Amino acid sequence: MGNRYERNMNMLSPEENEKLKEFKVCVIGCGGLGGYVIEFLGRLGIGRITAVDGDAFEISNLNRQLLSTETVMGKSKAFTARERMAAVNSEIQVYPIDEFVTEENCDSIIKGHDLVIDALDNMPARKLLSQCCENQGIPMIHGAIAGWYGQVSTILPGDKTLEKIYPDDATKGAEVELGNPSFTPALVAAIQVAEAVKVLLNKKEILSKKLLAIDLLTQDYEVFNL
């Protein structure tokens, strides 16, 4: 049958690929961004993934959320993520948490993880998550999408990135006005996972204290120093 991960080779060494099985990554949000993030992490071979989302699928998710199908309407996004990855890569473990992140549960949810990936869609939860990661010394990969546009940043403890890019009174992202197509979440999630791998394997050129801004309408990609 061959090696499941043989096409990871040369990009990663055999030792690095084997190391991926040891990591525990927490994905907060299993919708547009999070579904793709979990898919990419699982196929790559990240050993343990915690999938966190208190929401259930509805018909408006079908245009962009990889985990959504017509057969899972009304079902938990977090538990659907586990079912999906069981079919894709039975070698990894997915732990579903059917809850939204709150001040009461955030610290306990992310505790013990090597990395957290932000796949949220509202500012208060995103800022709460960033603060909890800061408190526990856990790196966080931020991603956001809106229409043709996306952004990614790797936030290491001490970076305070979200404080620099979002106003204090921000509640909802631009996706409320600009919508979300099928392709923007896939691209931003792919970049988030690439950043995650670099952080986990201690590779250089991460987006720490930087913001990658993506404009798919003009195909303009720009990195801002923060």
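Subtracting the Cα-Cα distance from 0.36 nm times the residue separation, let me have the gained length for Lys127 to Ala56 in nm, one decimal.
Values: separation 71, 0.36 × 71 = 25.56 nm, distance 2.28 nm.
Net length gain for the segment: 23.3 nm.
Could you work out the local net charge near Lys198, counting Lys and Arg as +1, Asp and Glu as -1, over the other residues with Cβ closer than 14 Å to its Cβ?
Net of charged neighbours comes to 0.
With r as the distance between the Cβ atoms of Ser208 and Tyr95 and R0 = 35 Å, compute the FRET efficiency 1/(1 + (r/R0)^6) and round to 0.05.
FRET efficiency, Tyr95 to Ser208: 0.80.
Counting Lys and Arg as +1 and Asp and Glu as -1, each charge on the Cβ, what is the dipole of the chain about the Cα centre in debye, to the nearest 20?
Magnitude of the dipole: close to 580 debye.
List the residues, sorted by chain then number, that are 5 or more residues from Ser208 or on another chain and whose placed amide H is less than 5 Å from its amide H.
The answer is Thr154.
Taking a cut-off of 21 Å, what percent of all Cα-Cα pairs in segment 1-90 are separated by more than that? Walk me through the numbers on the way to the answer.
Details: 1370 of 4005 pairs.
When all Cα pairs of segment 1-90 are counted, 34 percent exceed 21 Å.
Fully extended, how many nm does the chain gain between Ala86 and Leu201 (0.36 nm per residue separation, minus their Cα-Cα distance)?
38.9 nm
Restrict the search to segment 189-226; then list the trypsin sites (Lys or Arg not before Pro) that DSSP places in a loop and that have at most 14 other Cβ atoms within 10 Å of their Cβ. Provide the component values of the computation, followed by the final result.
Details: sites: Lys198, Lys203, Lys204, Lys209, Lys210; in loops: Lys203, Lys204, Lys209.
When the trypsin sites (Lys or Arg not before Pro) of segment 189-226 are filtered for loop state and at most 14 Cβ neighbours within 10 Å, Lys203, Lys204 remain.
How many angstrom lie between the Cα centre of segment 190-226 and the Cα centre of segment 149-166?
11
Per residue, how large is the accessible surface of segment 1-134? Use a 1.4 angstrom probe and give square angstrom. Please report the intermediate quantities before stating the final value.
Numbers: 6450 Å² over 134 residues.
Per residue, segment 1-134 has 48 Å² of solvent-accessible surface.
Taking loop as defined by DSSP and a crowding limit of 16 other beta carbons within 10 Å, which trypsin sites (Lys or Arg not before Pro) in segment 90-133 fit?
Qualifying residues, ordered by number: Lys111.
Return the carbon/sulfur percentage of the accessible area of the chain, one whole number, probe 1.4 Å, all protein chains in place.
In the chain, the share of accessible area belonging to carbon and sulfur is 50 percent.
Suppose each label sits 7 Å from its Cα in the direction of the beta carbon; what would the Leu178-Asp107 distance come out to in nanometres?
The two pseudo-label positions are separated by 3.6 nm.
About its Cα centre, what dipole magnitude does segment 92-176 give when the only charges are +1 on Lys and Arg Cβ and -1 on Asp and Glu Cβ, stated in debye to the nearest 20?
240
Rank by packing, highest mean first: peptides 6-12, 131-137, 52-58, 219-225, with packing defined as the count of other Cβ atoms within 10 Å averaged across residues.
Values: 6-12: 12.0, 131-137: 16.7, 52-58: 19.3, 219-225: 10.1.
Taking the mean over residues of other Cβ atoms within 10 Å, the ranking is 52-58, 131-137, 6-12, 219-225.
Within the set Lys77/Lys111; Lys160/Lys209; Lys19/Lys198; Lys21/Lys209, which residue pairs have Cα atoms separated by over 18 Å?
Lys77/Lys111; Lys21/Lys209
The values are calculated or read from the model by the stated rules, or taken from the named source; none is laboratory data. Predicted model, so just to flag it, every value in this text is computed and none were measured. When we count neighbours, we look across all protein chains shown, and the Cβ atoms used for this are built from the backbone with ideal geometry, even at glycine. Keep in mind that these areas ignore ligands, DNA and RNA; they rest on the heavy atoms of the full protein, side chains included. Shrake-Rupley method; radii C 1.70, N 1.55, O 1.52, S 1.80 Å.
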